[in-house]
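Participant: Please read through the structure below; I'll follow up with questions.
The values are calculated or read from the model by the stated rules, or taken from the named source; none is laboratory data. Note that the coordinates shown come from a computational prediction; the quantities given were computed from them, not determined experimentally. All Cβ positions, glycine included, derive from the backbone under ideal geometry; neighbour counts span all protein chains shown. Surface areas here come from the heavy atoms of the whole protein model, side chains and all, with no ligands, DNA or RNA. Shrake-Rupley method; radii C 1.70, N 1.55, O 1.52, S 1.80 Å.
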Amino acid sequence: MRPLARRALALVREGSGGAVELGSGAGIEARFLAENGVSVHTYDGDRSVAPAMADLARTLPITHTTADLSTLRSLPAADLVLSCATLSFVPRTAFRALWGVVRSALRPGGVLAVDLFGDRDDWAGTEGTFLRRDEVEDLLDGLEVLELVEEERDGRSFSGPKHWHTFRVLARR
């Protein structure tokens, strides 16, 4: 489970109206949220994760939708929108529209918890949305920024050595 999910849960008020997770994968963060009393609606474009999500939904308050994030036009209202290292893989041509959908889903007082990739990340030359800091700050305009951490480091990815440039965002509507 990623630390971003743990930090986001700590910020969501008691009696949460639910969460939306974009890019759920096999449901590690969704399980964590649901086991801590939050109903979660997950979205992922990878059809292969649907069976794992269906298994989780049998015993936990999780609803899963298989969908290409770049085509989403609405999301359920939520007290938390979480996306761990997924939004940057949405093509730039669709990113702004999706970002508007994400912001619209946040209830007043709701928490936005996302990881975004920066323009100096090794993957920045691929299709997706890799942002400069001023672009990230522009996306957060009108929100209460609780945390905006920019990090650059050399490390590993599933395909080998990589230079990481990321932004960790926690904000409140």
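Participant: For the range 78-87, state whether one or more residues are open to solvent by less than 30 Å² (accessible area, probe 1.4 Å), out of contact with any His (no Cβ under 9 Å at 6 or more places or on another chain), touching a residue at least 12 places away in the same chain (Cβ under 8 Å) and among the acidic types (Asp, Glu).
Facilitator: Scanning the range 78-87 turns up at least one residue that is open to solvent by less than 30 Å² (accessible area, probe 1.4 Å), out of contact with any His (no Cβ under 9 Å at 6 or more places or on another chain), touching a residue at least 12 places away in the same chain (Cβ under 8 Å) and among the acidic types (Asp, Glu).
Participant: Here is a further query. How many residues does the range 53-71 hold that are over 27 Å from ALA10 (Cβ atoms), out of contact with any Lys or Arg (no Cβ under 7 Å at 6 or more places or on another chain) and either open to solvent by less than 60 Å² (accessible area, probe 1.4 Å) or not in a helix (DSSP H, G or I) (or both)?
Facilitator: Residues that pass the stated criteria total 4.
Results for (1) under 29 Å from GLU151 (Cβ atoms); (2) touching an Asp or Glu at 6+ places or on another chain (Cβ under 7 Å); (3) at pLDDT 95 or above; (4) of a type in the set (Lys, Arg), shown as yes or no for each residue.
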| site | (1), (2), (3), (4) |
| --- | --- |
| ARG6 | yes, no, no, yes |
| LEU9 | yes, no, no, no |
| ALA26 | yes, no, no, no |
| ASN36 | yes, no, no, no |
| ARG47 | no, no, yes, yes |
| ARG58 | no, no, yes, yes |
| ASP68 | yes, no, yes, no |
| THR86 | yes, no, yes, no |
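Participant: Please state which of the following conditions ALA124 fails to meet, knowing it meets all the rest: (1) in a strand (DSSP E or B); (2) more than 19 Å from SER24 (Cβ to Cβ); (3) open to solvent by less than 50 Å² (accessible area, probe 1.4 Å).
Facilitator: Tallying (1) in a strand (DSSP E or B); (2) more than 19 Å from SER24 (Cβ to Cβ); (3) open to solvent by less than 50 Å² (accessible area, probe 1.4 Å), ALA124 fails exactly one: (1).
Participant: Let me confirm something: among GLU152, GLU144, which residue is open to solvent by 70 Å² or more (accessible area, probe 1.4 Å), farther than 22 Å from ARG2 by Cα and touching a strand residue (DSSP E or B) at 6+ places or on another chain (Cβ under 9 Å)?
Facilitator: Going through GLU152, GLU144 in turn, the sole match is GLU144.
Participant: Of all residues in the range 132-157, which are more than 13 Å from ARG168 (Cβ to Cβ) and not in a helix (DSSP H, G or I)?
Facilitator: Those that are more than 13 Å from ARG168 (Cβ to Cβ) and not in a helix (DSSP H, G or I): ARG132, ASP141, GLY142, LEU143, GLU144, ASP154, GLY155, ARG156, SER157.
Participant: List pairs: first residue in the range 102-125 and modelled with pLDDT of 95 or more, second residue assigned to a helix (DSSP H, G or I) and of a type in the set (Val, Ile, Thr) anywhere in the structure, Cβ distance under 9 angstrom, at least six positions apart or on different chains.
Facilitator: Every condition considered, the pairs that remain are LEU112/VAL102; VAL114/VAL102; LEU116/VAL136; GLY118/VAL136.
Participant: Further question: On the basis of being assigned to a strand (DSSP E or B) and either open to solvent by 20 Å² or more (accessible area, probe 1.4 Å) or of a type in the set (S, T, N, Q) (or both), does THR166 make the cut?
Facilitator: Answer is yes for this residue.
Participant: So VAL90 passes all but one of these: (1) touching a helix residue (DSSP H, G or I) at 6+ places or on another chain (Cβ under 6 Å); (2) at pLDDT below 95. Which condition number does it fail?
Facilitator: Answer for VAL90: the failing condition is (2).
Participant: Has the range 11-31 got any residue that is more than 20 Å from LEU139 (Cβ to Cβ), touching a residue at least 40 places away in the same chain (Cβ under 8 Å) and exposed (fewer than 14 other Cβ atoms within 10 Å of the Cβ)?
Facilitator: yes
Participant: Go through the range 32-52 and report how many residues are surrounded by 20 or more Cβ atoms within 10 Å (Cβ to Cβ) and not in a helix (DSSP H, G or I).
Facilitator: So the answer is 6.
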